[in-house]
Amino acid sequence: MDSAEYERKIAARFATFDQDGNGYIDREDFSAAARAVLAEFGTTARSDRGQAVFIGAEAFWQGMAGIADVDGDQRVTREEFVTGAVKRLRDNPVRFAEIARPFLHAVLAVADETGSGSATPDAAARVLRVLGTPQELAGRVAAGLDTDGDGRISEEEILAAFAGYCGVEPPDAL
């Protein structure tokens, strides 16, 4: 991977978290993601599932801030993301994905229309769309999450995909 490709991937990862596009990642980005998922599935914030999504979003934010908010201002700039989060992503993407587990688990529960502990690719595509994945990609990406081909997407499949997405290797020159 060359330097330009690495920068493009980092920018995409940063934009995934910067839900409002204001140039930094903060608690509100995670709250906005929680609200968007709940609205998509008609789940109220005061319900048990709604509360779990907000608690998971807060835990995810706390994990992100803990590894990347170097100056402690409760915002993660692109520079902090590159120097803090990306280093940890590169060092151990599975461990980084674990900070997202409470949020991903709660979102999966909201998207799980059958109570099976997993979601259909269609439900996963809806989640991806409200979190910013372009409509034309969301279905393909969601279908790819079903790595065992059983027609359902489990929490472990989501975590593995998230770790893979986040694990950006820098070019040798950096």
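Kindly evaluate VAL94 against the criterion of being in contact with a Ser or Thr (Cβ under 9 Å, 6 or more places away or on another chain) and either surrounded by fewer than 22 Cβ atoms within 10 Å (Cβ to Cβ) or assigned to a loop (DSSP other than H, G, I, E, B) (or both).
So VAL94 fails the test.
Out of all the residues in the stretch 3-11, is one or more touching a Cys at 6+ places or on another chain (Cβ under 9 Å) and closer than 22 Å to GLY164 by Cβ?
no
GLN62 passes all but one of (1) part of a helix (DSSP H, G or I); (2) at pLDDT below 80; which number fails?
(2)
Return the total of residues in the stretch 122-150 being over 23 Å from PHE60 (Cα atoms) and assigned to a helix (DSSP H, G or I).
Residues in the stretch 122-150 being over 23 Å from PHE60 (Cα atoms) and assigned to a helix (DSSP H, G or I): 8 in total.
Given the options PRO134, PRO102, PRO121, name the one that is at pLDDT 95 or above and under 21 Å from ARG13 (Cβ atoms).
PRO102
Being among the charged types (D, E, K, R) and either buried (at least 16 other Cβ atoms within 10 Å of the Cβ) or more than 17 Å from ALA111 (Cβ to Cβ) (or both) is the filter here, so list the residues in the stretch 38-72 that pass it.
Hits for the stretch 38-72 are GLU40, ARG46, ARG49, GLU58, ASP69, ASP71.
Can you report the number of residues in the stretch 15-32 which are assigned to a helix (DSSP H, G or I), surrounded by fewer than 20 Cβ atoms within 10 Å (Cβ to Cβ) and not hydrophobic (A, V, I, L, M, F, W, C)?
4
Quick test for you: out of ARG78, ARG35, pick the one residue that is surrounded by fewer than 19 Cβ atoms within 10 Å (Cβ to Cβ) and in contact (Cβ under 8 Å) with a residue 60 or more places away in the chain.
On the way: ARG35 fails: in contact (Cβ under 8 Å) with a residue 60 or more places away in the chain.
ARG78 is the lone residue from the list that is surrounded by fewer than 19 Cβ atoms within 10 Å (Cβ to Cβ) and in contact (Cβ under 8 Å) with a residue 60 or more places away in the chain.
The values are calculated or read from the model by the stated rules, or taken from the named source; none is laboratory data. Keep in mind that this is a model prediction, so the values were computed, not measured. Cβ sites come from the backbone with ideal geometry, for glycine too, and all protein chains shown count toward neighbours.
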